[in-house]
1. Taking segment 17-37 as the search range and keeping residues that are in contact (Cβ under 8 Å) with a residue 24 or more places away in the chain and touching a strand residue (DSSP E or B) at 6+ places or on another chain (Cβ under 8 Å), which one is surrounded by the fewest Cβ atoms within 10 Å (Cβ to Cβ)?
2. Working only within segment 107-149, note down all residues that are at pLDDT 90 or above and in a helix (DSSP H, G or I).
3. Could you tell me which numbered condition G11 fails, if it satisfies all but one of (1) of a type outside the set (K, R); (2) touching a helix residue (DSSP H, G or I) at 6+ places or on another chain (Cβ under 7 Å); (3) crowded, with 19+ Cβ neighbours inside 10 Å; (4) under 27 Å from L164 (Cα atoms)?
4. Condition check: under 19 Å from A122 (Cβ atoms) and outside any helix (DSSP H, G or I). Does L90 satisfy that?
5. Among (1) modelled with pLDDT of 95 or more; (2) buried (at least 18 other Cβ atoms within 10 Å of the Cβ), where does L40 come up short?
6. Those residues that are modelled with pLDDT under 90 and of a type in the set (D, E), I need them from segment 64-99; list them, please.
7. State whether one or more residues within segment 49-65 are without any contact (Cβ under 8 Å) to a residue 24 or more places away in the chain, over 25 Å from P126 (Cβ atoms) and assigned to a helix (DSSP H, G or I).
8. Is there any pair linking a residue in segment 145-160 that is within 14 Å of A173 (Cα to Cα) to one that is part of a strand (DSSP E or B) and of a type in the set (D, E), with Cβ under 6 Å and at least six apart or on different chains, and which?
Amino acid sequence: MSKIIIAVPRGRIIKELKKILTKTSFAPEEEMFDDKSRKLSFSSKSKEIKFIKVRAFDACTFVAFGAAQIGIAGEDVIKEFDYSEIYAPLELNIGHCRLSVAALKTLLKKEDPVTWSNIRLATKYPNISKEYFAKKGIQVEAIKLNGSMELAPSLNMCRRIVDLVSTGETLKANGLKEIDEIMKVQSKLIINRSAFKTNNKMIQVMAPGHSVKRCCFVDFLNTGPAVSKVLRSQVAKRSNIKRISGFNVIDFIVEKNKLIGAIGIYGETGEYIAIKTKIA
């Protein structure tokens, strides 16, 4: 059986992730949290799961192209790439910051943005930037930079930058001022849709049972809203079926062509949980 691969981002977020992952039954080896380690692939407490450590901006790409089935990515990256292959069901309440527009303080007094029809800016978020300024009727020429964004305005490369802001101290140190917030950002769990649908262990289960008591697993992601509503109402009518909130199924356990359980992540704690069917 192939392992489930989870792509986690390098950088500051790894410290916040450690607090979540070390509490789970599939915690990765300690070396994954070592900033000095050059290793990129890591085993876990579970034989079914391994981790890979990638650049924060690449996590979505690894999951979208199926190199990893699950990943962790910021909402900024998820929106910038907007991969149709990715499903982002769960907010992790870590990596909080904001994506903002900033400019040199010395230029702000001399400019009148109301008269602008176009603007040149530096960012690693060209798609988000163009969408944001298009709503203001301004056409964007985006210079793609992956770092040292704060230097661009002072070197006359551009009028504005669009970048992540946490405390704002880096902006202040370089004579910049945050002038607009585009979006608030936090990290989310992301899942490859194809793996979720087509993996031979990830089959959609018809609900509910007939005369036999059973645990019912319903994939509401891949079911239309009308069908979901009917399924929910039918499940609610049956006292022998226990409903669980905040539980995101990522895998089904099948033995001899029979469904015997499910594996998922509990949203409140990030705990990796296995559920076994009870058949009367």
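1. S25
2. Within segment 107-149, P126, N127, I128, S129, K130, E131, Y132, F133, A134 qualify.
3. Going through the list (1) of a type outside the set (K, R); (2) touching a helix residue (DSSP H, G or I) at 6+ places or on another chain (Cβ under 7 Å); (3) crowded, with 19+ Cβ neighbours inside 10 Å; (4) under 27 Å from L164 (Cα atoms), G11 breaks only (3).
4. Values: under 19 Å from A122 (Cβ atoms): no; outside any helix (DSSP H, G or I): yes.
The answer is no for L90.
5. The failed condition is (2).
6. E91 - this is the single residue of segment 64-99 that is modelled with pLDDT under 90 and of a type in the set (D, E).
7. Scanning segment 49-65, I find no residue that is without any contact (Cβ under 8 Å) to a residue 24 or more places away in the chain, over 25 Å from P126 (Cβ atoms) and assigned to a helix (DSSP H, G or I), so the answer is no.
8. M149/D163
The values are calculated or read from the model by the stated rules, or taken from the named source; none is laboratory data. Every value quoted in this text rests on a predicted model; they were computed, and no experiment measured them. All Cβ positions, glycine included, derive from the backbone under ideal geometry; neighbour counts span all protein chains shown.
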